[in-house]
Amino acid sequence: MQTTHEPANLKAAYGESGWYAVPDRLPAEAVEKLRQAVDRIGGQERPEIVYEAEQSVVRALHGCHRFDEVCARVVRLPLFVDLAETLLGGPVYVYQFKVNMKQPFEGAAWPWHQDFIFWHREDGMAAPDAVNVAVFLDDVSADNGPLRVIPGSHELGIIDGAAAAAEPSHDWRRHVAASLEYTVPDDVAESLAAASGTESLTGPAGTVVAFHPNIVHCSSNNTSARRRAVLLITYNLVSNAPAAPTRPEFLVSRDSTPVTRVDSNAL
Ligand code: 6CS
Ligand code: FE
């Protein structure tokens with residue numbers, strides 16, 4: 001199968017650090033089409049739109065590939081599907097689609113956390129045989145709230161924080177708000193960061209970065225005047241599809257049919 005990535009070094013680098021910045025970028029005209037889709041959807045009234053705590057600023061859009069034709073095509077681009085299949089080693093489907101907006105001045109932080117614990121505890125995903133593909137829709141720099149990761153932390157499995165003892169709320173709003181249900185305690189994250197350092201994922205609009213479901217990551221408030229919108233497509237191995245997820249379908253796809261590619265210039 002012709003892929004768009006050099007599998008050898010991609011898998012080695014990703015396996016080592018838990019994340020990988022892909023050399024290829026999403027072309028500017030495709031980024032612009034996605035920005036227009038985000039603006040279109042963000043102005044609608046729909047359950048897939050999550051707001052910041054003060055209820056008027058959009059925090060994230062969810063599941064847009066299920067109702068918007070540009071988003072439905074972007075998840076099928078060979079650039080992303082080849083990346084996911086190379087890293088996961090088999091046919092994949094779109095498990096989750098979201099755009100974290102990180103609006104100027106009001107885009108709130110995401111505390112230190114891992115993603116797999118949400119998919120495992122809330123949806124029944126058996127193994128972290130999924131991958132997050134981040135696509136920057138805006139330029140991301142140190143001052144507009146970049147994603148920060150702790151390299152190598154993907155090898156630690158699920159790090160149980162305070163939530164481990166508490167009875168889970170099973171309220172999906174606690175899984176996408178600034179006050180997350182499952183977090184990695186700051187002292188644990190800080191000691192991991194002291195040992196391994198942290199990397200800030202920055203780059204121009206169009207940058208593509210893959211990161212592991214168990215890598216410890218966070219992002220700060222956006223105190224700048226520049227939005228930091230990032231599209232996150234989570235691909236899951238078809239063979240790893242949860243049997244009976246119950247969270248809303250815009251958070252967890254029920255359709256585990258292998259994703260089929262469109263042409264690279266289909267957007
Ligand atoms: O609950 C979820 O599915 C989402 N929540 C977080 C904090 N990351 C993973 C996923 O996007
Ligand atoms: Fe996350």
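Please verify whether the range 6-28 includes one or more residues that are surrounded by fewer than 22 Cβ atoms within 10 Å (Cβ to Cβ), free of Cβ contacts under 8 Å to residues at least 24 places away in the same chain and over 25 Å from Ile150 (Cα atoms). No, because not a single residue in the range 6-28 is surrounded by fewer than 22 Cβ atoms within 10 Å (Cβ to Cβ), free of Cβ contacts under 8 Å to residues at least 24 places away in the same chain and over 25 Å from Ile150 (Cα atoms). Among the numbered conditions (1) out of contact with any helix residue (DSSP H, G or I) (no Cβ under 9 Å at 6 or more places or on another chain); (2) under 14 Å from Leu137 (Cα atoms), the only one that Val74 does not meet is (1). The residue pairs whose first member lies in the range 72-96 and is surrounded by 22 or more Cβ atoms within 10 Å (Cβ to Cβ), whose second member is basic (Lys, Arg) and in a helix (DSSP H, G or I), and whose beta carbons are closer than 7 Å, counting only pairs six or more residues apart or on different chains, are Leu87/Lys11. All of (1) surrounded by 15 or more Cβ atoms within 10 Å (Cβ to Cβ); (2) within 16 Å of ligand 1 (Cβ to nearest atom) hold for Pro47 with one exception: (1). Does Ala193 fit the bill of being among the small types (Gly, Ala, Ser) and either on the phi > 0 side of the Ramachandran plot or more than 18 Å from the chain's Cα centre (by Cα) (or both)? So Ala193 fits the description; yes.
For Ser239, the requirement of being out of contact with any helix residue (DSSP H, G or I) (no Cβ under 9 Å at 6 or more places or on another chain), in contact (Cβ under 8 Å) with a residue 40 or more places away in the chain and small (Gly, Ala, Ser) is met. Which residue is surrounded by the fewest Cβ atoms within 10 Å (Cβ to Cβ), if the candidates are limited to the range 223-250 and must be in a loop (DSSP other than H, G, I, E, B) and within 16 Å of ligand 2 (Cβ to nearest atom)? Within the range 223-250, the match that is surrounded by the fewest Cβ atoms within 10 Å (Cβ to Cβ) is Arg247. Whether a residue is of a type in the set (Ser, Thr, Tyr) and surrounded by fewer than 17 Cβ atoms within 10 Å (Cβ to Cβ) was assessed, and Ser153 does not pass this test.
If you take the residues of the range 166-176 that are in contact (Cβ under 8 Å) with a residue 24 or more places away in the chain and more than 12 Å from ligand 2 (Cβ to nearest atom), which of them is farthest from His62 (Cα to Cα)?
This residue is Pro168.
Considering the conditions (1) out of contact with any Ser or Thr (no Cβ under 8 Å at 6 or more places or on another chain); (2) assigned to a helix (DSSP H, G or I), Arg46 is excluded by exactly one of them, (2). Restricting to the range 251-262, and then to whatever is charged (D, E, K, R) and either out of contact with any Phe, Trp or Tyr (no Cβ under 8 Å at 6 or more places or on another chain) or outside any loop (DSSP other than H, G, I, E, B) (or both), can you tell me which residue is farthest from ligand 1 (Cβ to nearest atom)? Checking each candidate, the answer is Arg261.
Read-outs: derived from the displayed coordinates by stated rules, not from any lab. Predicted model, so just to flag it, every value in this text is computed and none were measured. Cβ sites come from the backbone with ideal geometry, for glycine too, and all protein chains shown count toward neighbours.
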